[in-house]
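The values are calculated or read from the model by the stated rules, or taken from the named source; none is laboratory data. Bear in mind that the values here come from a model prediction, so they are computed numbers and not experimental data. With ideal geometry, Cβ positions are generated from the backbone for all residues, glycine too; neighbour counts draw on all protein chains shown.
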Amino acid sequence: MTPEEEEIEDLPEEESEEEGEEEIDPDAPLRQPIVAVLGHVDHGKTSLLDFVRGTTVVQREAGAITQHIGATEVPFETVSKICGPLLKEGTTTLPGLLFIDTPGHHSFITLRSRGGALADLAILVVDITEGFKPQTIESINILKQQQTPFILALNKVDKLPGWHTRPGSFLANNVNQSSTAKQNFQTRMYEIIGELGAHGFDSALFSEIEDFQKTIALIPTSVKETGEGVPELFMILMGLAQRYLRGNLLLGDGSSEGTIIEIKEEKGLGKTLGVIIYNGILKASDTLIIGAQPEPVVTRVRSLLRPKPLDEFRDPRQQFDNVKIVGAAAGLKVVAPDIEGVVAGAPFYSASTDEEIDAALDRLSDSMKSNIKCTDEGVVIRADAIGSLEALAYELSAANIPIVNASVGDVSRRDVVTATPSEEEYRAILAFNVRTHPDAKNELFETGVKLFESDIVYKLLEDYQKWKEQIKVKQAQHLREDFSHPGKFEILEGHTFRTRDPAVVGVRVLGGRIALNQGVLRNDNSVIGHIQSLRSGDQVLKEALQGEKVAIAINNVTVGRQISEGDVLYIEMDERSILKVREAGVKLDPIEEDIITEMQSIKRKDQPFWGR
């Protein structure tokens, strides 16, 4: 027995049922577990399956990021080959694994309501050199909410300083690492153990775990370079599913239940449905009841097309097999007529009798309603699928951006009309992977509503937030022009150009801003006049900022009486002006804040509670 086999001798194996639990026939056929792969963008989710499949799907995704859910069947023979001697003969009766590759920036949210039950297990992929990122934390929160068992792949160990990686077992490779490399690994691993602990999870390196139900297994991997650690990853998955999930994996023999993953036009076939069956059996002779807009679709299966093992139905390398029957769990193409209105993310059921059709229609009555909360004010969002729509809504909610309307399909004129009366920062439409109707484009031009389009969710959010910041800057600039702003200036010695009617003097702005028509305040709390004009040489100005020297004209004052050279004066502000500046989010620098503090001292000589 090799050292690595000895270290993992006690990893999950099938055990007898606990006393009092219903016994499960050990010979009962099992379906393959559905495993969701999730985590932060670019941490290696799709690369893990690419390594197993020997493909490069990740390179063909928009922005090199998975945008929709894909599915890949990994048969037991392949799992056994990957694991080698680590997967002991006779320890599992599972037929294989069905992997779901989730969009990282969707953070598993596309499966939240229609696929939470889809995943029996999950792999959370974390770049060991980067640790937890926002989507990592979102994924953990959703896994916790869905109570989905998961393991954590500490990916990209090959990027650790001093690490020498090679194909195969992590434990076998770890023996030959330098003390520096091992120390780097331990440091990074314990940081992630600490992060998991902050979220309520106990975790440890997989070889050190006694109870896999209580402790999250950490499996170091290098999925893109050598596949280091992948044998242990697959072995742990098979062991956990066989030992703890057997009761959930019994193969049902009734009608199928599933989720529509995509609708795609196929040459020679017309529109097809990419689906995942997560329960029961689908036959080529069945009736399909599918969630659609504006009402469910009832249609007949024309043909069932199943990708070959290790192929991926979003982007297959080989021709599909035409089959007559498919049992859960599986990903496949379904060819059926009259599927207009069907949207990705919708549930479906198969039926062979009128009674089953009626029951399925009842189950669909609420499932097509999105769980997106809309308000009286907010942005309009559009997406190509229910899952995408909910993913976008989830990201907007996390950023505290309200939504006034959310729907699946192309951007219409009605969307623009809905957005038009909103406040400026909400006069926007965020469109994920959909087109815009010509009449909507015309309406956009006429109304000035802003349209954001992308096939990457987080880019939509980033673009919108940048635009929103630009609006804030513009609004702040308007506020600076419309209301008094903190300002302090000094009359320069030897720079009196006219003594009165109005007095014209040279000044240096000590802080803040001085502008036309603003009142001039002395430190005795008297307003002595207003600024009638500002000039710099021959140039007429609207305002002058800190550090600038300008000539200003002040009405109703005489140099030598109300003002003198060397005086330090302020711009008059009332309490309402200060409040409006702060409410509008105008960012004041420390000097401007000091000016307001000095004004409060001046005002409180006569008004003790001024500015409180």
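Structural remarks
- Residue selection: residue 183 satisfies the criterion of being of a type in the set (S, T, N, Q) and assigned to a helix (DSSP H, G or I).
- Boolean, residue 523 is touching a helix residue (DSSP H, G or I) at 6+ places or on another chain (Cβ under 8 Å), in the same structural domain as residue 568 (by TED's automatic domain parsing) and surrounded by fewer than 20 Cβ atoms within 10 Å (Cβ to Cβ): yes
- Being among the hydroxyl-bearing types (Ser, Thr, Tyr), more than 30 Å from residue 454 (Cα to Cα) and at pLDDT 80 or above is a property that does not hold for residue 72.
- Neighbours by Cβ (under 7 Å, 6+ apart or cross-chain): first from segment 593-612, in the same structural domain as residue 514 (by TED's automatic domain parsing); second crowded, with 16+ Cβ neighbours inside 10 Å and assigned to a helix (DSSP H, G or I): 596/578
- Strands (runs of 3 or more DSSP E) within segment 516-612 that include 2 or more residues within 17 Å of residue 502 (Cβ to Cβ): 519-521, 527-536, 539-541, 549-554, 568-571
Listed here are the residues, each with its yes/no results for (1) under 28 Å from the mean Cα position of the chain (by Cα); (2) under 27 Å from residue 383 (Cα atoms); (3) among the aromatic types (Phe, Trp, Tyr); (4) not in a strand (DSSP E or B).
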residue	(1), (2), (3), (4)
236	no, no, no, yes
242	no, no, no, yes
259	yes, yes, no, no
262	yes, yes, no, no
272	no, yes, no, no
278	yes, yes, yes, no
282	no, no, no, no
299	no, yes, no, no
309	no, no, no, yes
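- Taken over segment 154-180, the criterion of being charged (D, E, K, R) and not in a loop (DSSP other than H, G, I, E, B) is satisfied by 158, 159.
Let's see how each residue does on (1) at pLDDT 85 or above; (2) out of contact with any Gly (no Cβ under 7 Å at 6 or more places or on another chain); (3) among the small types (Gly, Ala, Ser):
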| position | (1), (2), (3) |
| --- | --- |
| 271 | yes, yes, no |
| 284 | yes, yes, yes |
| 289 | yes, yes, no |
| 303 | yes, yes, yes |
| 313 | no, no, no |
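- Restricting segment 193-221 to residues that are of a type outside the set (Val, Ile, Thr) and in a loop (DSSP other than H, G, I, E, B), the residue that is farthest from the chain's Cα centre (by Cα): 210
Every residue, every condition in (1) farther than 20 Å from residue 36 by Cα; (2) touching a residue at least 40 places away in the same chain (Cβ under 8 Å), yes or no:
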residue: 185; (1), (2): yes, yes
residue: 190; (1), (2): yes, no
residue: 197; (1), (2): yes, no
residue: 203; (1), (2): no, yes
residue: 212; (1), (2): no, yes
residue: 215; (1), (2): no, no
residue: 220; (1), (2): no, yes
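- Residue 343 falls short of the stated requirement of being crowded, with 20+ Cβ neighbours inside 10 Å and over 30 Å from residue 327 (Cβ atoms).
- The sole residue among 407, 388 that is closer than 19 Å to residue 343 by Cα, of a type in the set (Gly, Ala, Ser), not in a helix (DSSP H, G or I) and not assigned by TED's automatic domain parsing to the domain that holds residue 292 is 407.
- Residue in segment 392-399 that is assigned by TED's automatic domain parsing to the domain that holds residue 459, more than 18 Å from residue 463 (Cα to Cα) and outside any loop (DSSP other than H, G, I, E, B) present: no
- The one condition from (1) within 33 Å of the chain's Cα centre (by Cα); (2) at pLDDT 90 or above; (3) hydroxyl-bearing (Ser, Thr, Tyr); (4) farther than 23 Å from residue 137 by Cβ that residue 190 does not meet is (4).
- When residue 568 is tested against the conditions (1) modelled with pLDDT of 95 or more; (2) surrounded by 15 or more Cβ atoms within 10 Å (Cβ to Cβ); (3) touching a Leu at 6+ places or on another chain (Cβ under 9 Å), the lone failure is (2).
- For segment 417-467, the set of residues classified as basic (Lys, Arg), free of Cβ contacts under 8 Å to residues at least 60 places away in the same chain and either within 23 Å of residue 398 (Cβ to Cβ) or surrounded by 18 or more Cβ atoms within 10 Å (Cβ to Cβ) (or both) consists of 427, 450, 466, listed by residue number.
- Number of positions in segment 410-434 that are part of a loop (DSSP other than H, G, I, E, B) and in contact with a strand residue (DSSP E or B) (Cβ under 8 Å, 6 or more places away or on another chain): 5
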